[in-house]
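The values are calculated or read from the model by the stated rules, or taken from the named source; none is laboratory data. What you are looking at is a predicted structure, and each value in this text was computed from that prediction instead of being measured. Quick reminder, even Gly has a Cβ in these numbers, built from the backbone with ideal geometry, and neighbours come from all protein chains shown. Side chains included, ligands, DNA and RNA excluded: accessible areas come from the protein's heavy atoms. Shrake-Rupley method; radii C 1.70, N 1.55, O 1.52, S 1.80 Å.
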Amino acid sequence: MEISSGGCSPRIRSDHLRKEGSEETPLQQGLELEVSDRVHYGDHHNNQIQSMNALDILRETVRILRFNSWGFMAITVMLICPVSAVLLSNVMVDESIVKNLSIRLMLVAKTSGLPLRPLIKQSCQRFAEMVISSAMCFPLYATLLLLSKAAVVYSVDCTYSRKKFDYSKFCVIIAKFWRKIVSTYMWACTVVVGCITMFCVFLVAFCSALAVLGFSPDVVVYAAVMVGLVFSVVFANAIIICNIAMVISVLEEVSGAQAMLRSSMLIKGQTQVGLLIFLGSTIGMAFVEGLFEHRVKTLSYGDGSSRMWEGPLLVIMYSFVVLIDSMMSAVFYFSCRSSSMEISDGGGNSILETMAISAETIGIQ
């Protein structure tokens, strides 16, 4: 089973990287003309490519999606939608556990000097829901969602290599390197949990110190908000590093802590682009989550028949945002790699292509 990647000429490859003597079909020539407005190449003397900004990455993502729409839609329906449905509906979340955890968090906030205002209560409730939901959905995250990320990265890599998505080769690659990908994912989860834990500990200690020093509750709340804003930037950077590390674990020979280190080095100087990508994805997901909470969980029209179509529609919308986020992370990786002068001839040195060649050699289709 093969899914066409559209045969588009990738944006991050310069003319001298194409194979000599290769003939292009009229379709490929037409696609090449269609994407001629992509990011300008750098100095023609060394054919270096300028890095893309967030808008360029979004445009590139849309082009790749259009060139291989059926393949990405199949990934969305089979792998992402089931996870999105479970996550949005909270069918695996026990409300009693969420209530107990939120009460404990409010007690901790009160003892640290924070007044139990509606903002604090809602924050504790939301944080408790997020923690319990993440814990309950972790098996789905570590299987279906992780597999979808690998499939998206592989499909983007095939598009840039001007090859077709081969389902059998992808299965061989996943079977051989699944442990490596899972190892990187576990490291990413550890980094995220570590950041959240350090934030909670520091916030409690900081607010307690302000309360002991005699500051008013209003000052303590403002200080907590400022700490939260600073943490948001740090947390966003951690998520960006983790996302690129996942791409690296699929395309390169490194994994785990090495992939995290490689990711932090690769995005150096382009963190602002990563932050904009993270901000856009976060806003999109939060918007769809809010709609699902308001339209499906809260409102009911007559016999509730509207939920029969609004619920699945919002699940598809959320899944599409997740797909775009994964694609943009892959495109961002190629952009960073291009600006680091690490793009090789034809993309043939990636671990995916190496594994595909090995599979063909031993006769695995």
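Determine if the range 265-285 includes at least one residue that is open to solvent by 30 Å² or more (accessible area, probe 1.4 Å) and closer than 18 Å to residue 83 by Cα. Lay out the reasoning, then the answer.
The first filter runs over the range 265-285 and keeps only residues open to solvent by 30 Å² or more (accessible area, probe 1.4 Å), leaving 265, 268-269, 271-272, 275-276, 278-280, 282-283, 285.
With closer than 18 Å to residue 83 by Cα added as a condition, the list becomes 282, 285.
The answer is yes, given that some residue of the range 265-285 is open to solvent by 30 Å² or more (accessible area, probe 1.4 Å) and closer than 18 Å to residue 83 by Cα.
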(message) Residues that are over 15 Å from residue 160 (Cα atoms), at pLDDT 80 or above and not in a loop (DSSP other than H, G, I, E, B): does the range 39-54 have at least one?
(response) yes
(request) Specify the residue that is nearest to the chain's Cα centre (by Cα); the eligible residues are those in the range 178-224 that are among the charged types (D, E, K, R) and either open to solvent by less than 40 Å² (accessible area, probe 1.4 Å) or farther than 22 Å from residue 155 by Cβ (or both). (result) 180
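Inside the range 329-365, can you point out the residues that are modelled with pLDDT of 90 or more and either surrounded by fewer than 23 Cβ atoms within 10 Å (Cβ to Cβ) or of a type outside the set (A, V, I, L, M, F, W, C) (or both)? Don't jump to the end; show me each part of the working.
Taking the range 329-365 and keeping what is modelled with pLDDT of 90 or more, we get 329-333.
Those that are modelled with pLDDT of 90 or more and either surrounded by fewer than 23 Cβ atoms within 10 Å (Cβ to Cβ) or of a type outside the set (A, V, I, L, M, F, W, C) (or both): 329, 333.
If you go through the range 82-101 one residue at a time, do you hit one that is within 30 Å of residue 210 (Cβ to Cβ) and open to solvent by 60 Å² or more (accessible area, probe 1.4 Å)? Please lay out each step first, then the result.
Initially, the range 82-101 is screened for residues within 30 Å of residue 210 (Cβ to Cβ), giving 98-101.
Okay, now just the ones that are also open to solvent by 60 Å² or more (accessible area, probe 1.4 Å), so 99-100.
Yes.
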(message) Return the residues of the range 108-151 that are farther than 29 Å from residue 77 by Cβ and among the hydroxyl-bearing types (Ser, Thr, Tyr); say none if nothing qualifies.
(response) 111, 112, 123
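Yes/no per residue for (1) modelled with pLDDT under 90; (2) over 24 Å from residue 80 (Cβ atoms); (3) among the acidic types (Asp, Glu):
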residue	(1), (2), (3)
212	yes, yes, no
234	no, yes, no
237	no, yes, no
245	no, no, no
253	yes, yes, yes
256	yes, yes, no
261	no, yes, no
303	yes, yes, yes
309	yes, no, no
(request) Show the residue pairs that are 6+ apart or on different chains and have beta-carbon atoms under 6 Å apart, the first residue being within the range 280-305 and farther than 17 Å from residue 90 by Cβ, the second being open to solvent by less than 50 Å² (accessible area, probe 1.4 Å) and modelled with pLDDT of 90 or more. (result) 281/325; 284/321
(request) Scan 107, 87, 65 and give me the residue that is closer than 23 Å to residue 193 by Cα, within 19 Å of the chain's Cα centre (by Cα) and assigned to a helix (DSSP H, G or I). (result) 87
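Let's see how each residue does on (1) under 30 Å from residue 66 (Cβ atoms); (2) in contact with a Pro (Cβ under 9 Å, 6 or more places away or on another chain); (3) not aliphatic (A, V, I, L, M):
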site: 130; (1), (2), (3): no, no, no
site: 136; (1), (2), (3): no, no, no
site: 160; (1), (2), (3): yes, yes, yes
site: 164; (1), (2), (3): yes, no, yes
site: 191; (1), (2), (3): no, no, no
site: 201; (1), (2), (3): no, no, no
site: 204; (1), (2), (3): no, no, no
site: 207; (1), (2), (3): no, no, yes
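This table checks each residue for (1) more than 20 Å from residue 131 (Cβ to Cβ); (2) assigned to a helix (DSSP H, G or I); (3) in contact with a helix residue (DSSP H, G or I) (Cβ under 7 Å, 6 or more places away or on another chain).
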| position | (1), (2), (3) |
| --- | --- |
| 173 | yes, yes, yes |
| 180 | yes, yes, yes |
| 186 | no, yes, no |
| 189 | no, yes, no |
| 196 | no, yes, no |
| 210 | yes, yes, yes |
| 215 | yes, no, no |
(request) Scan the range 102-126 residue by residue and report those that are open to solvent by 50 Å² or more (accessible area, probe 1.4 Å) and in contact (Cβ under 8 Å) with a residue 24 or more places away in the chain. (result) 108, 111, 117, 119, 125
(message) Which count do you get for residues in the range 57-93 that are in contact (Cβ under 8 Å) with a residue 40 or more places away in the chain, farther than 21 Å from residue 314 by Cβ and not aliphatic (A, V, I, L, M)?
(response) 8
(message) Here is a list: 255, 232, 249. Which entry is more than 29 Å from residue 315 (Cα to Cα) and surrounded by 13 or more Cβ atoms within 10 Å (Cβ to Cβ)?
(response) 255
(request) Could you list all residues from the range 144-177 that are exposed (fewer than 15 other Cβ atoms within 10 Å of the Cβ) and without any contact (Cβ under 8 Å) to a residue 40 or more places away in the chain? (result) 171, 175
